[in-house]
2 protein chains.
Amino acid sequence: MTAPAPSELAFIRFVSVENMMKLIHQIGIEEMMTGLVGYIEEDFRRWELFDKTPRVASHSAEGVIELMPTSDGEVYGFKYVNGHPKNTREGLQTVTAFGLLARVDTGYPVLLSEMTMLTALRTAATSAMVAKHLAPKDARTMALIGNGAQSEFQAMAMRAVCGVEHLRLYDIDRAATDKVLRNLGGLGFDVTACATPEEAIEGAQIITTCTADKQYATILTDNMVGSGVHINAIGGDCPGKTELHPDILKRSDVFVEFPPQTRIEGEIQQMPEDFAVTEMWQVLSGKAPGRTSERQITLFDGVGFAIEDFSALRYLRDRLEDSGLYQNLDIIADPDDPRDLFGMLQRAKG
Amino acid sequence: MTAPAPSELAFIRFVSVENMMKLIHQIGIEEMMTGLVGYIEEDFRRWELFDKTPRVASHSAEGVIELMPTSDGEVYGFKYVNGHPKNTREGLQTVTAFGLLARVDTGYPVLLSEMTMLTALRTAATSAMVAKHLAPKDARTMALIGNGAQSEFQAMAMRAVCGVEHLRLYDIDRAATDKVLRNLGGLGFDVTACATPEEAIEGAQIITTCTADKQYATILTDNMVGSGVHINAIGGDCPGKTELHPDILKRSDVFVEFPPQTRIEGEIQQMPEDFAVTEMWQVLSGKAPGRTSERQITLFDGVGFAIEDFSALRYLRDRLEDSGLYQNLDIIADPDDPRDLFGMLQRAKG
């Protein structure tokens, strides 16, 4: 007896790192950022119907491994993501990730994808989506403080979605800034490397902080921040890791993704439990105002939420069909008679 | 520029359904059951050191999708599993599953595997491991009530580990029984198809119930069960799904995997919150007695626990190296400089 070929149901689509990079170039990174922003906006507008299970974390001395599930009632998705700050010293990624979509009606998985690269894009797309609604309309200059793995993605998304053209870079490690200068060279930005954070934020309407050290840091102090700017604070994303002096939070209108998570992981972990914040989904669905005056400081305390990963996987799924940039993975045992799993195994003996 | 080849770190091992079936035949299904029992016993003996996070369930009208994570401090594992009873009517599996192992120290995934087939094996191996410690020593006859997808695996595991030779089959659907007769034909069992549950349990020292209907059923009533038997009740595994009359539970010594889960999902959901049970890990580590008399009825109220999946994935990992039955999956973005994810993407432009 020969084993019958697996049925179509036995396969799910898999997007490798290599295929993800090909897809990004096939679509174009700025076009993809714009597309992702559209999907994220759509999901923020229907925020209330999502199953917002808290992430499930397994902590160790070295780091954390998390599962971030969510569902819109038709599609279920989750992301596996680790956070190991010490990895960098060993030449490893601090964060690696992969994600999955499944059908709610049958429970069958349909798509598995690398998400280290995709998370970098969705994080930048989320920042740009928020800045689109909160930053001054004529913002063309962004300070980029922290020039690590996320920084270039922020630049690309902010240009694609908000029209940012001028970048002012700062990092405590000049080698990181040089890396950004190298990577963005020839991509049409006007880039200035700065010697201090103070210099970096001169004339910037958007201030992005994406530093990586796990500690209570003070990248920005209150006297550095002028009126009317939009602060995009995305580096503080776990307990014990913040970037801003609390006085800045007091002077700003703070916007968040999901308050129960942000109060633990975000900049506002420094503030009292009842510190007022606005949820971004409310801005998107017209239930709360975004920017209301030219002098207002708006602050996005971004930590990353499961729904953004869900949006990114939905976008990926919809762009995959035409691209052909996937493999079929034989991960579902699908016997002709569902009760005959053992018979399927026997017939595979060959 | 051409994209550099991904480093070894970028890959994880993937075991497809096809390779899993080949591996089972390469090792031999009974040899594999014995091996799995060894790994499960080892993990039950060190039960206390495991991170026993409750499973994370996403419920819908049609079914449930669950993530079952655990960790022993060095290795992290989780299983994705769905439960959709109506799937069978559409020719789909009620349960599909896949699992993953990762390193706790770096958070990097190392192994991804199909687990529909592997779960069938680990469920049977767990039953056999428990029966090895609780069933009468001379048990050679097993009643197998419910002849669905799990039943043949139970037979193979019980023979490999406990020496069961005689099987007495019963199912409300005779076609299911015929399927088992067909599948086990020529494998050296003495098999009797029975017309009623009463007939099936005649002379059986082990009674396995593995029926699939999601309802409060009464497969066994009290007057059917004689003294000295071991009941292996594994079909009741979610709220609202049980197989035994509560009077049987009162007459038996009940053994469970993880009480907080079993009280919700197992047979003992019919009993008061303080109904006495013994945890199997305590039997394995000598902290509680197993069978203490010939007349005692022992009852394993099995619902399946994350640590058993972890044991199965560990076994798989250890047997994979020599078998060659895996593919390498390019799922981790691994730039030479961890801060240079964008540079890696740019260099892939080709």
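The values are calculated or read from the model by the stated rules, or taken from the named source; none is laboratory data. Just so we're clear, the structure is a prediction, and the values are computed from it rather than from any experiment. FYI the Cβ positions are ideal-geometry reconstructions off the backbone, even for glycines, and counts take in every protein chain you see.
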Practice task
State whether one or more residues within segment A:75-96 are touching a strand residue (DSSP E or B) at 6+ places or on another chain (Cβ under 6 Å) and away from every other protein chain (no Cβ under 12 Å).
Solution key: no
Handout entry: Meets criteria (at negative phi, of a type in the set (F, W, Y), assigned to a helix (DSSP H, G or I) and surrounded by 19 or more Cβ atoms within 10 Å (Cβ to Cβ)) for B:F153
Key = yes
Exercise for the section: Among residues belonging to segment B:101-130 that are part of a strand (DSSP E or B) and touching a residue at least 40 places away in the same chain (Cβ under 8 Å), point out the one that is nearest to the other protein chains (Cβ to nearest Cβ). Expected result: B:E114
Problem - Exclusive hit being surrounded by fewer than 17 Cβ atoms within 10 Å (Cβ to Cβ), within 29 Å of A:D309 (Cα to Cα) and touching a Phe, Trp or Tyr at 6+ places or on another chain (Cβ under 9 Å), set A:E165, A:E257, A:E199 - result: A:E165
Practice task
Being out of contact with any Leu (no Cβ under 9 Å at 6 or more places or on another chain) and small (G, A, S) is the filter here, so list the residues in segment B:149-175 that pass it.
Solution key: B:A160, B:G163, B:A175
Fill in the blank from the handout: Of the conditions (1) without any contact (Cβ under 8 Å) to a residue 40 or more places away in the chain; (2) in the same structural domain as B:E42 (by TED's automatic domain parsing); (3) in contact with a helix residue (DSSP H, G or I) (Cβ under 9 Å, 6 or more places away or on another chain), the single one that B:D322 does not satisfy is (3)
Practice task
Could you list, in sequence order, all residues of segment B:221-240 that are within 17 Å of the chain's Cα centre (by Cα) and either of a type in the set (F, W, Y) or modelled with pLDDT under 90 (or both)?
Solution key: B:G235, B:G236, B:D237, B:C238
Handout entry: Those residues of segment B:320-350 which are away from every other protein chain (no Cβ under 12 Å) and surrounded by fewer than 17 Cβ atoms within 10 Å (Cβ to Cβ), in sequence order
Key = B:E321, B:D322, B:S323, B:G324
Exercise for the section: Taking the residues in segment B:145-185 that are more than 10 Å from chain A (Cβ to nearest Cβ) and of a type in the set (K, R) as candidates, determine which candidate is farthest from the chain's Cα centre (by Cα). Expected result: B:R174
Practice task
Could you check, for segment A:264-271, whether at least one of its residues is more than 14 Å from chain B (Cβ to nearest Cβ), out of contact with any helix residue (DSSP H, G or I) (no Cβ under 9 Å at 6 or more places or on another chain), modelled with pLDDT under 95 and within 30 Å of A:E8 (Cβ to Cβ)?
Solution key: no
Practice task
Answer yes if at least one residue in segment B:306-318 is modelled with pLDDT of 95 or more, farther than 30 Å from A:P85 by Cβ and among the β-branched types (V, I, T), and no otherwise.
Solution key: no
Practice task
Give the residues of segment B:53-81 that are small (G, A, S) and either under 13 Å from B:A306 (Cβ atoms) or part of a strand (DSSP E or B) (or both), sorted by residue number.
Solution key: B:A57, B:S58, B:S71, B:G77
Exercise for the section: Please specify each residue of segment A:39-52 satisfying the condition of being surrounded by 15 or more Cβ atoms within 10 Å (Cβ to Cβ) and in a helix (DSSP H, G or I). Expected result: A:Y39, A:I40, A:E41, A:D43, A:F44, A:W47
Handout entry: Filter result (facing chain B (nearest Cβ under 7 Å) and among the small types (G, A, S)) within segment A:30-72
Key = A:S58, A:S60, A:G63, A:S71
Exercise for the section: Kindly indicate whether any position in segment B:40-57 is more than 30 Å from B:S285 (Cα to Cα) and in contact (Cβ under 8 Å) with a residue 24 or more places away in the chain. Expected result: no
Exercise for the section: State whether one or more residues within segment A:173-191 are surrounded by fewer than 22 Cβ atoms within 10 Å (Cβ to Cβ), part of a helix (DSSP H, G or I) and acidic (D, E). Expected result: yes
Completion exercise
Given the conditions (1) closer than 30 Å to B:T119 by Cβ; (2) surrounded by fewer than 20 Cβ atoms within 10 Å (Cβ to Cβ), every one holds for A:L316 apart from (2)
Practice task
Among the numbered conditions (1) within 14 Å of chain B (Cβ to nearest Cβ); (2) aromatic (F, W, Y); (3) touching a residue at least 24 places away in the same chain (Cβ under 8 Å), tell me where A:F305 comes up short.
Solution key: (1)
